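What follows is one structure encoded as structure tokens, with my remarks underneath.
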């Protein structure tokens, strides 16, 4: 399937990516420091880290704090993303609502149901399969990636399948579109990931 570009997101010279877990943090640190991006990011500062309060609402709170701090030093962020998943969290609707209220720059959300490992699974297979728990996703993932361990620095192991994962993630979003148009929120879906949108945004730098 030919990839289509996601909606253009303003990308500048300074960005922030806040992650809920170590796996997500390691993945995006690996992505932004790989050889392919070294020249691209030579003049771009991209911070990737897991804050102390890494709940979904905590990520929004930290993003808002960092945005205010950056503006006060006259060095504002050009793009801000938070990365989290549904896995057992409370107040996910509030996290989305609070993020939506921030406009300059907007806080974009890379979200997965049930967990970030669903996006990792997309490196190996195209699926709409629903999983009740993250452990179930990992069990499925290990059929393809037997030495997978949560929180490991895994981007180098997956980089050859990186484009496939983005294509499969976009394909899943397209399959979810009817439900979303009919009023379902992404966190109400049985399977979902839009992590490819963050990667597309980085690719547009």
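Antiparallel DSSP bridges in the range 58-194: what percent, to the nearest 5?
In the range 58-194, DSSP labels about 35 percent of beta bridges as antiparallel.
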Counting C-alpha atoms alone, how compact is the range 14-203: give Rg to one decimal and Dmax as a whole number, in angstrom. 16.1, 49
Starting from the Cα gyration tensor of the range 39-79, take the square roots of the eigenvalues, sort them a ≥ b ≥ c, and report rounded, prolate or oblate (rounded when a/c is under 1.5, otherwise prolate if a/b is larger than b/c, else oblate). oblate
When 200, 178 are arranged by how many other beta-carbons sit within 10 Å of their Cβ, fewest first, they go 178, 200
What length, rounded to one decimal in nm, is gained on full extension from residue 164 through to residue 146, with 0.36 nm per residue of separation minus their alpha-carbon distance? 4.6 nm
So residue 13 and residue 182, fully extended at 0.36 nm per residue minus their Cα-Cα distance, gain in nm 57.1 nm
Can you classify the range 108-205 as rounded, prolate or oblate using the Cα gyration tensor, where a ≥ b ≥ c are the square roots of its eigenvalues, rounded means a/c under 1.5, and otherwise it's prolate if a/b beats b/c and oblate if not? oblate
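Per DSSP H run of at least 4 residues, take -39500 (n - 2.57); add these up for the chain, divide by its residues and hand me the 222 nm value, nearest 500 deg cm²/dmol.
About -12500 deg cm²/dmol.
Coordinate-derived values only; no laboratory data. Remember, predicted model here, so these are calculated numbers, not experimental data. Cβ sites come from the backbone with ideal geometry, for glycine too, and all protein chains shown count toward neighbours.
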